[in-house]
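A short write-up of the structure that comes next.
The values are calculated or read from the model by the stated rules, or taken from the named source; none is laboratory data. These numbers come from a predicted model, not from an experiment. Quick reminder, even Gly has a Cβ in these numbers, built from the backbone with ideal geometry, and neighbours come from all protein chains shown. Note: areas computed on protein heavy atoms with side chains; ligands, DNA, RNA excluded. Shrake-Rupley method; radii C 1.70, N 1.55, O 1.52, S 1.80 Å.
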Amino acid sequence: MAATATLNVRLPADLKKHGGQVLDRHGISVSDAVRSLYEFLEQKQQVPSFMAAAEGESVYERRRKLARSMTGIVLVPEGFDARKAREERLDERYEELL
């Protein structure tokens, strides 16, 4: 039997939970999923297209996009100011108190 190695991976608890739910629905263990990724890397000698960074994209932006796609978070339009939108919602909600 070949020697085995152990990986210790840190990720947000909710990402682990939601990703685990998807794997469970498909009958795939976390070990099988990671093993499949490493087998792909070894065979193809490249990362899967969903992991490859776009031209000029930082590794952090790539990770954000990947996390959003895995958890179902939608991308916001370019130039969207979340703080301003929240302030406007709060102003509308509590307008009679002002």
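The number of residues in the range 33-73 being open to solvent by 70 Å² or more (accessible area, probe 1.4 Å), at negative phi and over 17 Å from the mean Cα position of the chain (by Cα) comes to 8. Scanning the range 1-60 for residues that are over 16 Å from Thr71 (Cβ atoms) and among the aromatic types (Phe, Trp, Tyr) yields Tyr38, Phe40, Tyr60.
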